[in-house]
Amino acid sequence: MSSADPSVDRRKVLQGIAGASIVGMAGCLGGDDDDEVDIDPALERNEIDVDEIQDGGTLEVSIPRDSIDDYDAAESSAAEDTAVFSLVYDNLLTTDAEGTTELWMAEEYDAVDSQNVDYEDYEEYMREEEIVEIDGGIPIFDLDDDLNLVLLQHPEDLEGAEEGDEVRVLTRHEAEDAVDDGVYGTQVSGRLHEGIEFHNGDECTAGDIVGSYDRYVGSTNQGQVFDAFMYAEAPDGDDGYEFNLYSLEPDAAAFVELPPIDLFPEEHHDLGPGELEPRAGGPVPVGTGPYEIAEFDEGSVLRLERTDNYWVEEVGLENLPDYDGPADFPERPAIEEINVRFVPESSQRSAALEDGDLDVTYELASDARNNFMQSDDFDVSAQESTGYKFMQFPLEDTDEGGAFAEAEVRQAVSALMPRQTIVDVVEQGWGSPAQAPIPEPASDFGTAMGYDELIEQEFAYSVEPDEERATELIEQSSFEAPIEVTIQTNADDDERIDKMSLVVDQLNQSGLFDAELETPAALGDWTTGDLYTDEAHIDDAENNACAVIGLATGFDPHGYIEAIHDPENWNGCCNFYFPPGTFDDEFVDLLNGCRFGADVAEDPDLRRERYDEFWEAHTDLMANTIVDYSLTTLTFNEDVAGVNCHPNTQSIFTYAVYAPLDEQIAYLDR
């Protein structure tokens, strides 16, 4: 079979794969599955006339879950939660539809200094702590101090360290002394707009920025916040507006990575992780965003009301440094209420939208989206997403199984990936096949080349199965064909299952593999119960099983490589298989050198060049391979005007409803 020809009949697969759901939607809006759907109109912006904006009304939206996972932003790791609560919490910065970071609640904000420091510079500030446990090769300490955690461990003390040994560490409590002496990596300084109020009427000041970090200590999102962050201070006092943020190392991404994920009012600073949970008797979340929580009931009701003290009205759009729109653009959202419905099944969301129970929804099946596109009563807005699907291989060399310990086997699986067919058949054009290890919207700082040049490099992924190359690779390995392998993905995503069915079919048709598909559980149960465990990298290696899920981390390129490779992120999203010691020092140094160091912090072009080196190493190692890139989409009825989609799913609602720096506002016309 020629590698230039796709080995799967796309039309036959389209007729057979996930047949029930496709037939169920076919024709319900008068659509025809045999028609080619032009998605280009969905990628165009929907423009509105400011003079025609209508104020008020209730917008009915849905998320693809049966409830909010966690009302506490410090604890929640679900993108769907963030999509909702980004309407409640505003931040220092925001990102437009092109991925440009802009000042929002911050009137001033800049990375002012970077300097080369390493553990030796912090030695005099370190204290000794006893290792109480070693979990998967990672030392665990029991700090007596409140709201404290270890920021840095002395590497010389870690060599051969065992439970009970003393190790020199830098904790949050010593960080202030280091900063006072001028020992830090990068400093970001800024100033809040005066007059910003939380929904409870308290003014948001620099003290709230400093205090918000406390909420993440011991939380699910602790690693995300304290990955680079070291210390925050309010030089004019807690009631002032100026703030300084410091990183432990010189950090090229400090500008976007150092602020806390969300800002909390003073009355919430002392709440532990998970205690900001009204369903468990805790307080209701309070932010500075355009909407506040008005009513909630587990799994059935979450109603948001437009706040009556929105800070943009107080500060004025003309006083926002990055606003250059018309003088008469509204200074608050037009929509008065947002009713969030919980509809986990895609087919149910489609039916609710068609029946008029929903105004806006997302993550519909591609065939349903096509039908809505062809209807005069509905529309779709789409953006190239910051997300992708990826396959991760366990690299452990086990006595039983262990096929994925050999790079040639991993590379062969990637070479056989029918990426174009996956996009054509399952996504029906609502996406693109992965050719580079990073999506285009996140590539600004991720390559010194143009993106078109990056995907033409020798190390780029093939979009069609390359059976000839795969055969060469298996012959170079120590395994004989066919190699038994298992492709795993989550049970609650029909389209992802369909995509991996195509991969399994392709692997088997090649004769090089004897592959099967397994769907162990829904995503949350699978990741927490199986993948985020100390045994996953051994168990799955013995079974020649790899894992396939999705990832979206925003517009900075480092989020992608860090999430799926960094050994320090093992058992966190989304490193299931690579504990410390998995990769050699050269690979880890190359990974870290793309972001950390005064040289890349001060020279964006050098940072881009470093990533180009890393992409080649990434695809040569093939610990992960990328399957496809998504389009983020919103599907809505004709009653909603001005809807435009954001590339990041987590910003999908707040951007569509009100993003004045992009002159974006939606309103109800009914």
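The values are calculated or read from the model by the stated rules, or taken from the named source; none is laboratory data. This structure is a prediction, so every number in the text was calculated from the model and none was measured. Virtual Cβ from ideal backbone geometry, glycine too; neighbours counted across all protein chains shown. Keep in mind that these areas ignore ligands, DNA and RNA; they rest on the heavy atoms of the full protein, side chains included. Shrake-Rupley method; radii C 1.70, N 1.55, O 1.52, S 1.80 Å.
Only sites in a loop by DSSP and with at most 12 other Cβ atoms within 10 Å count here; which GluC sites (Glu not before Pro) in region 40-131 make the cut?
Glu44, Glu47, Glu98
Label region 400-463 by shape, choosing from rounded, prolate and oblate, from the square roots a ≥ b ≥ c of the eigenvalues of the Cα gyration tensor; if a/c is under 1.5 it is rounded, and otherwise prolate applies when a/b is larger than b/c, oblate when it is not.
It is oblate, given that a/c is not under 1.5 and a/b is not larger than b/c.
Between Glu638 and Gln374, what length comes free when the chain is fully extended (0.36 nm per residue of separation minus the Cα-Cα distance, one decimal in nm)?
Stretched fully, the Glu638-Gln374 segment lengthens by 93.7 nm.
Return P(r) of the chain (all Cα-Cα pairs; 10 Å bins starting at 0; whole %; ordered from short to long distances).
Final binned percentages: 3, 15, 25, 27, 20, 9, 2, 0.
Dividing the convex hull volume of the alpha carbon atoms of region 209-317 by its residue count, what do you get in Å³ per residue? Spell out each step's value before the answer.
Numbers: hull volume 15.5 nm³, N = 109.
Cα-based convex hull of region 209-317, divided per residue, equals 142 Å³.
Divide, for region 607-662, the radius of gyration over alpha carbons by 2.2 N^0.38 Å, where N is the residue count. Write out the running numbers ahead of the final one.
On the way: Rg = 17.8 Å, N = 56, 2.2 N^0.38 = 10.2 Å.
Working it through for region 607-662, the quotient is 1.75.
What FRET efficiency comes out for Asp180 versus Asp589 if R0 is 25 angstrom and r is the Cβ-Cβ distance? Round to the nearest 0.05.
In this case the efficiency is close to 0.25.
Find the centroid of the Cα atoms in region 554-593 and in region 122-194, then give the distance between the two in whole Å.
After rounding, the separation between the Cα centres reads 20 Å.
What whole number of Å gives the distance from the Cα centroid of region 363-417 to the Cα centroid of region 240-306?
First find each Cα centre; the distance between them is then 32 Å.
At 7 Å along the Cα-to-beta-carbon direction for both Arg469 and Glu295, put a label point, then send me their distance in nm to one decimal.
5.7
Taking the Cα centre of region 555-652 as the origin and placing charges on Cβ (Lys, Arg +1; Asp, Glu -1), which of Pro580, Pro647, Thr635 is farthest toward the positive end of the dipole?
Among Pro580, Pro647, Thr635, the one farthest towards the positive end of the dipole of region 555-652 is Thr635.
Starting from the 7 Å offset along Cα-to-Cβ, what nm value, one decimal, do you get for the label separation of Thr100 and Asp69?
3.2
Just order 368-381, 449-462 by mean Cβ neighbour count inside 10 Å, highest at the front, would you?
368-381, 449-462
Among Val132, Val643, what's the order by accessible area (1.4 angstrom probe), most exposed first?
So the residues, ranked largest to smallest area, are Val132, Val643.
Where does the chain land at 222 nm, in deg cm²/dmol rounded to the nearest 500, when only DSSP H runs of n ≥ 4 count, each adding -39500 (n - 2.57), divided by all residues? Mind dumping the intermediate values first?
On the way: 23 runs with 174 residues, N = 670.
Helix-only estimate at 222 nm: -7000 deg cm²/dmol.
List the pair-distance distribution P(r) of region 109-189, using every Cα-Cα distance, as the percent of pairs falling in each 5 Å bin from 0 up to the bin containing the longest distance, rounded to whole percents.
Spelled out bin by bin, region 109-189 gives 3, 14, 24, 21, 16, 11, 7, 3, 1 percent.
If I model a spin label as a point 7 Å beyond the Cα along the Cα-Cβ vector, how far apart are those points for Ala280 and Leu606 in nm?
4.6
Pull out the extension gain between Asp135 and His269, defined as 0.36 nm times the separation in residues minus the alpha carbon to alpha carbon distance; nm, one decimal.
Taking 0.36 nm per residue and subtracting the Cα distance, the gain is 45.3 nm.
Nearest 0.05, what FRET efficiency do Leu517 and Leu143 give at R0 = 45 Å with Cβ-Cβ as r?
Given R0 = 45 Å and the Cβ-Cβ separation, E is 0.50.
Take the alpha carbon atoms of region 499-520, find their center, do the same for region 635-650, and report the distance between the two centers in whole angstrom.
Here the two parts' Cα centres lie 36 Å apart.
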